[in-house]
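A.B. asks: Below: one structure in structure tokens.
The values are calculated or read from the model by the stated rules, or taken from the named source; none is laboratory data. Keep in mind that this is a model prediction, so the values were computed, not measured. Neighbour counts are summed over all protein chains in view; Cβ atoms, including those assigned to glycine, are modelled from backbone coordinates with ideal geometry. Heavy atoms of the whole protein, side chains included, go into the accessibility calculation; ligands, DNA and RNA do not. Shrake-Rupley method; radii C 1.70, N 1.55, O 1.52, S 1.80 Å.
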Amino acid sequence: MQNKQKNKKINNNPIGIFDSGFGGLTVMSAINKALPLENLIYFGDTAHVPYGTKSKDAVIKFSKEIVAFLIEHKVKLIVIACNTASAFALPILQKTLKVPVIGVIEPGSKAAVHVSKNKKIGVIGTEGTVQSGAYLKEINKIKKTNVYQQACPLFVPLVEEGWTNSEITNSIVQKYIKPLLNKNIDTLVLGCTHYPLLRKVLEKNINKNIVLIDSAKATTHEVKNVLNQKSLLADGKQKNFLKFYVSDNPKKFKTIGRRFFSKKISDVKKIEME
Ligand code: DGL
């Protein structure tokens with residue numbers, strides 16, 4: 001046992017995390033809580049947000065540019081902390097990069113299949129994520145399941161506006177959720193980085209037996225597993241850091257980002273993208 005521990009390799013290089021903007025900070029938060037010894041670099045593509053309404057080609061192009069930046073920073077693993085970018089860019093990034101790449105859709109799907117008893121799973125996400133059918137395919141790859149999808153394009157601006165607990169949000173939630181409730185789902189995947197912030201209002205409007213799946217938590221579990229399997233865990237002997245980069249408006253990122261991240265965001269650098 002002692003020998004095994006002695007031989008265990010460590011790697012203090014950072015984990016690279018990216019998203020279209022602020023939302024991926026929910027994933028970063030979960031990773032930071034579960035793996036406090038890890039150095040983390042976050043890139044929020046605030047110049048191009050939202051990805052949810054963009055084409056597949058555009059999202060792949062942005063993702064490739066961000067990943068090139070992260071690789072320059074010697075990241076040991078990349079987390080695509082955005083559902084839309086995971087839906088569109090994960091396969092191509094996994095094929096082309098040498099470091100492991102983890103998206104949020106596979107872990108979220110696994111968690112949903114594990115929890116659902118009646119095999120009726122609802123998925124809410126951006127237009128891009130829903131149109132890609134990524135959750136539908138991933139869930140059915142694991143187990144044959146009835147998947148009911150609903151795009152909720154108004155949720156992202158509501159969350160960014162800070163309206164997570166208002167009357168208007170409540171009505172919009174009811175409207176989006178109704179078709180899924182009619183299908184008798186027992187599990188609902190929060191298939192967008194912003195939706196964990198709507199947990200309370202969602203819970204108010206669904207039956208108590210429906211389990212909400214937060215992809216951020218499921219993804220963190222996957223990150224931990226992969227680091228472990230590949231002997232890439234940090235040992236915390238170096239002073240560890242959290243770094244933030246954006247493609248536009250660092251000041252706004254600090255303010256709005258605070259709603260998505262458990263700690264104060266102090267140092268945000270702007271990087272020029274094409
Ligand atoms: N981060 C995106 C996602 O999880 C939501 C915001 C956007 O549309 O860019 O799909």
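A.B. asks: Please give the Cα centre distance for segment 185-248 versus segment 14-67, rounded to the nearest Å.
C.D. replies: 12
A.B. asks: Compute the length gained on full extension between residue 258 and residue 165: take 0.36 nm times their separation in residues and subtract their Cα-Cα distance, giving the result in nm to one decimal.
C.D. replies: Full extension from residue 258 to residue 165 adds 31.8 nm.
A.B. asks: Measure off 7 Å from each Cα along the Cα-to-Cβ vector at residue 175 and residue 57, then give the distance between these two points in nanometres to one decimal.
C.D. replies: Calculated label separation equals 3.3 nm.
A.B. asks: Moving on to the next point. So what J values fall out for segment 191-200 if you push phi through Karplus, 6.51 cos²θ - 1.76 cosθ + 1.60 with θ = phi - 60°, rounded to Hz, Gly and Pro as x?
C.D. replies: Values, residue by residue: x, 7, 4, 7, 5, x, 6, 9, 3, 4 Hz.
A.B. asks: Given a 1.4 Å probe and every protein chain left where it sits, what share in percent of the accessible area of segment 165-274 is carbon and sulfur? If you can, show how the numbers build up before the last one.
C.D. replies: Numbers: 3030 of 6320 Å².
Looking at segment 165-274 in its full context, I get 48 percent from C and S.
A.B. asks: Note the full-extension length gain between residue 273 and residue 241 as 0.36 nm times their separation in residues minus their Cα-Cα distance, in nm to one decimal.
C.D. replies: Between residue 273 and residue 241, full extension yields 9.2 nm more.
A.B. asks: Using label points projected 7 Å from each Cα along Cα→Cβ, tell me how many nm separate residue 118 and residue 92, to one decimal.
C.D. replies: 4.0
A.B. asks: Running Debye on segment 10-99 with equal point scatterers at the Cα sites and no solvent, what base-10 log of I(q)/I(0) appears at q = 0.15, 0.17, 0.20, 0.22 Å⁻¹?
C.D. replies: -0.51, -0.66, -0.91, -1.08
A.B. asks: Can you tell me the accessible area per residue over the chain, all protein chains present, probe 1.4 angstrom, in square angstrom?
C.D. replies: On a per-residue basis, the chain sits at 49 Å².
A.B. asks: Let me ask something else. Rounded to the nearest Å, what's the spacing between the alpha carbon centres of segment 254-274 and segment 91-117? Just the number, please.
C.D. replies: So the separation of the two Cα centres works out to 25 Å.
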